[in-house]
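The values are calculated or read from the model by the stated rules, or taken from the named source; none is laboratory data. All values reported here derive from a predicted model rather than from experimental measurement. Heads up, the Cβs are rebuilt from the backbone with ideal geometry, glycines too, and the neighbour counts pull from every protein chain shown.
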C-alpha cells in the first residue's frame, strides 16, 4: 500500500479561477464551470481546495471534488448546498458568472482512476458523492474505453439525482456501462428500481464478484460509505481494492 | 498571486470567533467528529491485537491488549486538526505516552530519530521521534472516556495532536524505528512530509 513515489516538492500555489458558467443540477446542487489559467491538469477523482475572501478580509477554505474529466478545458466543481454551511450556501446561492475566487490543486493521488488503471470499474455513490465518480465516468466515455463499469447511485428522490440525463444518455449508448439508481425516500409512480438503502443483497446481486477483482470507489455521506465498505468486506472483496471518500456534514464538503 | 479577489456577499457565519491561538490558518471548528479513511473501517478484536515496537527488522518489545492495559495511563485534553480543514477543540484522549512505551521496553533513549507507524490494512505514516517524546505522542485507546470506535481507529490509535491528524494513525499495530526518514502513505501521495497545522503544511512544498 505504501507507494514509493518520489515527492516532487513542487508547491501547490493558489491560482485564480473565474466562473464561466453555473449549471443547475438539482434544487440544491449546482455545477461551477471554471476557467483556471495555467491549470496543470488532474486525474479523475482528485479534488481542489478553494479559498474565499470576504470584504473584511475573513477567509475560508474548503475542499471540493472535480467532476469534469481531464479531457475538458473547464474545471467543474459540483457543490451541494449544506444548510447552515458557511461556504456552500455562498457558492450555490450567491456566486455569479465572471466572479473569481482562489483555488489550488489538484490534490489526492489515491482516490483516482484512469482507463490505464483498468477494470472492472465499480462506483458506488450517495448524493453529491457522485462528483468525483462522474469525473471517472466522463473520462472513461471520452476515452471510449470498453472497460466494464457499474454505477450504484443512491439518492433521496428522482429530483435529487445529479447528472440524471447525462448518466442516462451515457448508459444508453454504452453496452459496457450499467447505471442503477436507488431512490431511498420518494419514488415516482411505477418506479421499478431499488428503493431501499444499499444493502448486502444489492451488493451481492448483479454486481462484480470478488473473483473479477473490481476496482471499487465509494463516495458519499460517511454513514453510507461506512455501511457499504463494511458490507463489501463481508462479501470478501479485497479491502485494499476498496477506495473511499467520506463527505460529512463538516467533512470534505460544507 | 497578484491580488486576492473579494467574494462580495460572502461573510463569516460563525456565531463566535474562536481565539486565533486555538485555530490554525485555513481551519474551521466542527462540533461533530467526521470520519476520514482511505478505505473500509477495520474491525479489530482486542484479543487479536498486539502492539509492536521494532528497530529495523527486529522486535524490541510486543504487548498484548491485556499487557498494554497495565501500562501507565495518561489522559490529555487537546485540540485536533484535520488536513481537510476541520478542527475539533477540547477532545479528551487516554492512552500510553511514547515515553512510557520506551520505558516499558527498557529503553533509556530512543535508538533512532524517526518512526514509521504501521496500521492494520497497510496504512503507514512517518513521524520524527522528537515529535513523540516529552509527552508529545501517545498510543490512545479511549476517546472521551470510552473505547475508541473502529471508524475512529479503535482499538488503538497513534496520537500526535500537534501535527495534522492523518499522522495520528488509526488501527496502529507497529512502531518501527528508522535511521532515515521515509515517507508514509499520504506523505507519498502529495501530502506534506511533516504536517504542522500552524505552518499550514498540508501538501508537498507547503
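Here are some notes:
- Inspection of the stretch B:2-18 finds no residue satisfying the criterion of being surrounded by fewer than 13 Cβ atoms within 10 Å (Cβ to Cβ) and away from every other protein chain (no Cβ under 14 Å).
- Yes/no for residue A:44 being buried (at least 17 other Cβ atoms within 10 Å of the Cβ), touching a helix residue (DSSP H, G or I) at 6+ places or on another chain (Cβ under 7 Å) and at negative phi: yes
- Tally of residues being in a helix (DSSP H, G or I) and surrounded by fewer than 16 Cβ atoms within 10 Å (Cβ to Cβ) across the stretch A:137-173: 8
- Counting residues in the stretch A:82-89 that are assigned to a helix (DSSP H, G or I) and assigned by TED's automatic domain parsing to the domain that holds residue A:21 gives one or more.
- Hits in the stretch A:15-53 (condition: within 22 Å of residue A:71 (Cα to Cα) and part of a loop (DSSP other than H, G, I, E, B)): A:36, A:37, A:38, A:39, A:40, A:41, A:42, A:43, A:44, A:45, A:46
- Hits in the stretch B:184-200 (condition: over 15 Å from the mean Cα position of the chain (by Cα), assigned to a loop (DSSP other than H, G, I, E, B) and surrounded by fewer than 22 Cβ atoms within 10 Å (Cβ to Cβ)): B:189, B:200
- Among all positions in the stretch A:59-67, there is no residue which is within 18 Å of residue A:30 (Cα to Cα), in contact (Cβ under 8 Å) with a residue 40 or more places away in the chain, outside the structural domain of residue A:220 (by TED's automatic domain parsing) and surrounded by fewer than 16 Cβ atoms within 10 Å (Cβ to Cβ).
- Residue satisfying condition, being closer than 19 Å to residue A:30 by Cβ and touching a residue at least 40 places away in the same chain (Cβ under 8 Å), within set A:163, A:153: A:163
- Taking the stretch B:104-155 as the region of interest, the strands (runs of 3 or more DSSP E) fully inside it that hold 1 or more residues being closer than 24 Å to residue B:179 by Cα and within 14 Å of chain A (Cβ to nearest Cβ) are B:114-119, B:124-128.
- Within the stretch A:1-10, being surrounded by 11 or more Cβ atoms within 10 Å (Cβ to Cβ) and at pLDDT 50 or above holds for one residue alone: A:10.
- The criterion of at least 1 residues that are at pLDDT below 95, farther than 25 Å from residue B:120 by Cα and within 20 Å of the chain's Cα centre (by Cα) is met by none of the strands (runs of 3 or more DSSP E) wholly inside the stretch B:1-92.
- Verdict on residue A:32 being within 7 Å of another protein chain (Cβ to nearest Cβ), in contact with a strand residue (DSSP E or B) (Cβ under 9 Å, 6 or more places away or on another chain) and either surrounded by fewer than 19 Cβ atoms within 10 Å (Cβ to Cβ) or modelled with pLDDT of 95 or more (or both): no
- Evaluation of residue A:86 against (1) touching a residue at least 60 places away in the same chain (Cβ under 8 Å); (2) within 14 Å of chain B (Cβ to nearest Cβ); (3) within 25 Å of residue A:112 (Cα to Cα) (one fails), failing number: (3)
- For the stretch A:60-83, a residue qualifies if it is within 18 Å of residue A:161 (Cα to Cα) and away from every other protein chain (no Cβ under 14 Å), and the qualifying residues are A:66, A:67, A:68, A:76, A:77, A:78, A:80.
- Subset of the stretch A:213-228 [at pLDDT 95 or above, within 9 Å of another protein chain (Cβ to nearest Cβ) and surrounded by fewer than 23 Cβ atoms within 10 Å (Cβ to Cβ)]: none
- Residue that is surrounded by fewer than 21 Cβ atoms within 10 Å (Cβ to Cβ) and either closer than 22 Å to residue A:142 by Cα or touching a residue at least 60 places away in the same chain (Cβ under 8 Å) (or both), where the choices are A:71, A:25, A:80: A:71
- Residue within the stretch A:99-109 that is touching a residue at least 60 places away in the same chain (Cβ under 8 Å), in contact with a helix residue (DSSP H, G or I) (Cβ under 6 Å, 6 or more places away or on another chain) and either surrounded by fewer than 23 Cβ atoms within 10 Å (Cβ to Cβ) or part of a loop (DSSP other than H, G, I, E, B) (or both) present: no
- Number of positions in the stretch B:19-51 that are over 27 Å from residue B:77 (Cβ atoms), in contact with a helix residue (DSSP H, G or I) (Cβ under 8 Å, 6 or more places away or on another chain) and away from chain A (no Cβ under 12 Å): 2
- Evaluated against (1) farther than 18 Å from residue A:153 by Cα; (2) in a loop (DSSP other than H, G, I, E, B); (3) within 14 Å of chain B (Cβ to nearest Cβ); (4) touching a helix residue (DSSP H, G or I) at 6+ places or on another chain (Cβ under 9 Å), residue A:95 falls short on exactly one condition, (4).
- Pairs where the first residue, in the stretch A:222-234, is within 13 Å of residue A:199 (Cβ to Cβ) and the second is in a helix (DSSP H, G or I), C-beta under 6 Å, 6+ apart: A:231/A:200; A:231/A:203
- The test for being loosely packed, with under 14 Cβ neighbours inside 10 Å, in the same structural domain as residue A:127 (by TED's automatic domain parsing) and either more than 15 Å from the chain's Cα centre (by Cα) or touching a residue at least 40 places away in the same chain (Cβ under 8 Å) (or both) holds for residue A:209.
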